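Asker: Provided herewith is a single structure, encoded as structure tokens, for subsequent inquiry.
The values are calculated or read from the model by the stated rules, or taken from the named source; none is laboratory data. Keep in mind the model is a prediction, meaning the values are calculated, not measured. Because the Cβ atoms are built from the backbone with ideal geometry, glycine has one as well, and the counts that use them run over all protein chains shown. The area values use the complete protein model at the heavy-atom level, side chains included, leaving out ligands, DNA and RNA. Shrake-Rupley method; radii C 1.70, N 1.55, O 1.52, S 1.80 Å.
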Amino acid sequence: MKILSIDTSTIVATVALADEEKVYSELTITSNKRNHSERLMLLIEEALSSSGFDIKDVDLFSCGIGPGSFTGLRIAIATIKGLAQSLAKPVIGVSTLRLLAYNMPFASGIICPVIDAQKDQVYSCFYRWTGEGLTELRQEAVYSVEELIKIIDNQKEQVVLLGDGIKKIPSNTLEEYKEKIKIAPISNRMPKAASLASLSLDLVKNGLTMSYSDLEPNYMRKSQAEVQMELKQRAK
């Protein structure tokens with residue numbers, strides 16, 4: 001089964017084409033300008049052409065559904081929906097936090113992906129590799145940095161951090177907890193479409209595919225525009 005996986009939930013745009021045996025291609029671009037809408041289809045076309053395949057050869061599409069950048073999530077989901085609908089193929093939506101944790105296969109200890117949620121907050125979750133695979137230890141949530149550090153400090157083993165939310169943690173805090181907190185290598189720190197493809201293929205085995213029409217983002221909280229609109233309505 002050939003799967004095309006994409007993620008644009010952060011400043012990284014990443015695309016991969018893979019199946020159960022190999023990763024045919026993976027392209028990743030990091031851009032602070034977040035111009036994913038301009039580059040995503042070009043990355044998809046390059047991933048396919050460099051592998052010698054056509055979009056019609058893809059059997060399944062997957063993408064990160066959040067949490068993350070609201071705009072980035074909409075770009076990826078709209079793209080996957082359009083491709084899947086036109087080809088009548090199934091899709092899989094994957095938590096961006098779980099996707100990040102999948103970058104650390106069979107790591108010992110606790111894996112803690114952290115995504116920038118703006119407003120001095122981060123999205124995070126805690127995972128561990130067990131005999132049953134990647135197991136969620138704590139539900140996905142929005143934390144202040146202080147709250148997250150307190151939770152990490154209460155763990156009885158080492159915690160590996162990865163994701164763009166690491167930059168929200170003061171360097172002196174990381175130094176203070178250096179015996180408890182370890183930072184993932186830069187090569188594994190951000191979303192990788194190859195990891196998404198591998199995770200998606202695992203989910204296929206559990207029958208977790210869906211129709212493109214059922215694919216929705218997981219924003220985890222309201223956008224700033226929605227908050228402002230509610231405030232204006234209350235003021236009337």
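Asker: Regarding residue 23, is this residue among the β-branched types (Val, Ile, Thr) and closer than 22 Å to residue 188 by Cα?
Answerer: yes
Asker: Filter region 66-83 down to residues that are closer than 9 Å to residue 217 by Cβ and in a helix (DSSP H, G or I) and give me whichever is most open to solvent (accessible area, probe 1.4 Å).
Answerer: The qualifying residue most open to solvent (accessible area, probe 1.4 Å) is 74.
Asker: Which residue, of 229, 220, is modelled with pLDDT under 95, open to solvent by 20 Å² or more (accessible area, probe 1.4 Å) and in contact with a Pro (Cβ under 6 Å, 6 or more places away or on another chain)?
Answerer: The unique qualifying residue is 220.
Asker: Shifting gears a bit: Go through region 102-143 and count every residue that is within 18 Å of residue 181 (Cβ to Cβ), under 16 Å from the mean Cα position of the chain (by Cα) and free of Cβ contacts under 8 Å to residues at least 60 places away in the same chain.
Answerer: Number of matching residues: 9.
Asker: Moving on. Looking at residue 148, is it more than 14 Å from the chain's Cα centre (by Cα), in contact (Cβ under 8 Å) with a residue 12 or more places away in the chain and part of a strand (DSSP E or B)?
Answerer: No.
Asker: Another question, then. Quick check: anything in region 158-173 in a helix (DSSP H, G or I), in contact (Cβ under 8 Å) with a residue 24 or more places away in the chain and crowded, with 21+ Cβ neighbours inside 10 Å?
Answerer: Within region 158-173 (the criterion being in a helix (DSSP H, G or I), in contact (Cβ under 8 Å) with a residue 24 or more places away in the chain and crowded, with 21+ Cβ neighbours inside 10 Å), the answer is yes, since at least one residue qualifies.
Asker: Limited to region 84-97, what total is found for residues that are outside any helix (DSSP H, G or I), touching a Phe, Trp or Tyr at 6+ places or on another chain (Cβ under 9 Å) and of a type in the set (S, T, N, Q)?
Answerer: Matching residues across region 84-97 total 0.
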